[in-house]
Number of protein chains: 2
Amino acid sequence: MDAPPETLEKPAANKERLRLWIRLLRAARVVEGELRDRLKREFDTTLPRFDVLSALYRQPEGMLMSDLSRFLLVSNGNVTGIVDRLVTDGFVVRANRDGDRRTSIVRLTEAGSARFAAMAEAHEIWIAELLGEVSEEDARRLSVMLKAFRSNWENEH
Amino acid sequence: MDAPPETLEKPAANKERLRLWIRLLRAARVVEGELRDRLKREFDTTLPRFDVLSALYRQPEGMLMSDLSRFLLVSNGNVTGIVDRLVTDGFVVRANRDGDRRTSIVRLTEAGSARFAAMAEAHEIWIAELLGEVSEEDARRLSVMLKAFRSNWENEH
DNA sequence: GCAAAATATTTCAACCTTGAAATTTTAGGC
DNA sequence: GCCTAAAATTTCAAGGTTGAAATATTTTGC
């Protein structure tokens, strides 16, 4: 016997999930907005640029455009524009890859790496400050839940 | 004696908060992306338009542009554009308010109200489906945490 | 080898988003 | 009653975002 589909199982649970989603989205927007302001004020940059630098910082050997797009959960065309601007600013380079002329490896420059290191340090402090009310215990629990949510999602899609 | 500032209190807790933030942001993006796709496919609309309709649906007497902006956590100029397009589509009207010619009350039309009701029904099911792995118990706990986070934020800002 | 399918990326139009400047109207001080 | 400040909104430029179409290259099947 199959279990009934989740969505019909218990109406109250679904209302609770809806409330959860709305609050999660609002919390994310509040924090995101604050980070955007601070990145602009203190480093004259944007959140998407920060995200790209962050991804590249973890992969010193570089990433393909499609790697970036998949990792950041944004479209290919989007990454093109952001990387273009980062190249103009001198924080990133596109290196030719012999063997496949369709692709190029995107890598941080020295300047980009140094710049990101400074931003990351501030960023960590900002998050500590913005999420200061969340206890270490709560943070751990919530974090585990969200990780489970995501791996589950990845497996199904 | 004052307690030490949160950010210096315990480095491990801050790492945990940083991890939490990253996971929260990713979860929000995954769900948001899926909602965007479905709203487009099934109702030929966008998330920001849905958000505006949703806000207006809860306030049948209408809202000022600045009310919408504050409630949705987006800029004034942003709301102007979205409402303009909703007016063009016939889902929303701007009514003159006697007494103050700077402002106008934005309200749902009959069509807008009916349209939103249909979308809201689907939306609730989608969320139930997307967050199906989160137990009712977890949802409630998480939801309470996020609510506390937000009221705390509101009080400080 | 070559045509066709698959892959990686860019381009583009439409929309979303912000923050700052401009516009319009109202409220206050005198 | 004026003049100035305040308030609500719109306008605008720059950038972010998507999805679809276009481009360029590589791989596959035969």
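The values are calculated or read from the model by the stated rules, or taken from the named source; none is laboratory data. None of the values given here were measured: they were computed from a predicted structure. Positions of Cβ are backbone-derived with ideal geometry, glycine not excepted, and every protein chain shown enters the neighbour counts.
Only residues that are without any contact (Cβ under 8 Å) to a residue 12 or more places away in the chain and within 10 Å of DNA strand C (Cβ to nearest atom): list them for region A:37-65, please.
Residues of region A:37-65 without any contact (Cβ under 8 Å) to a residue 12 or more places away in the chain: A:37, A:40-41, A:44, A:46, A:58-59.
Matches in region A:37-65: A:ASP37, A:LYS40, A:ARG41, A:THR46.
Restricting the search to region A:77-96, which residues are away from chain B (no Cβ under 14 Å) and within 8 Å of DNA strand C (Cβ to nearest atom)? Hits for region A:77-96 are A:GLY77, A:VAL79, A:THR80, A:GLY81, A:VAL83, A:ASP84, A:ARG94. The one condition from (1) within 14 Å of chain A (Cβ to nearest Cβ); (2) closer than 30 Å to A:VAL134 by Cβ; (3) surrounded by 15 or more Cβ atoms within 10 Å (Cβ to Cβ) that B:ASP67 does not meet is (1). The residues on offer are A:GLU42, A:GLU32, A:GLU16, and the sole one that is at the interface with another protein chain (Cβ under 8 Å from one of its Cβ atoms), more than 12 Å from DNA strand D (Cβ to nearest atom) and not aliphatic (A, V, I, L, M) is A:GLU16.
Of everything in region A:80-102 that's touching a residue at least 24 places away in the same chain (Cβ under 8 Å) and near DNA strand D (Cβ under 8 Å from one of its atoms), which residue is surrounded by the fewest Cβ atoms within 10 Å (Cβ to Cβ)? Spell out the reasoning first.
At the first step, the residues of region A:80-102 found to be touching a residue at least 24 places away in the same chain (Cβ under 8 Å) are A:82-83, A:85-86, A:91-92, A:95.
From what's left, near DNA strand D (Cβ under 8 Å from one of its atoms): A:82, A:85.
Details: A:ILE82: 19, A:ARG85: 16.
Among them, the one singled out is A:ARG85.
The residue list A:ALA111, A:ALA118, A:ALA55 contains one member that is aliphatic (A, V, I, L, M), modelled with pLDDT of 95 or more and within 15 Å of DNA strand D (Cβ to nearest atom), which is A:ALA55.
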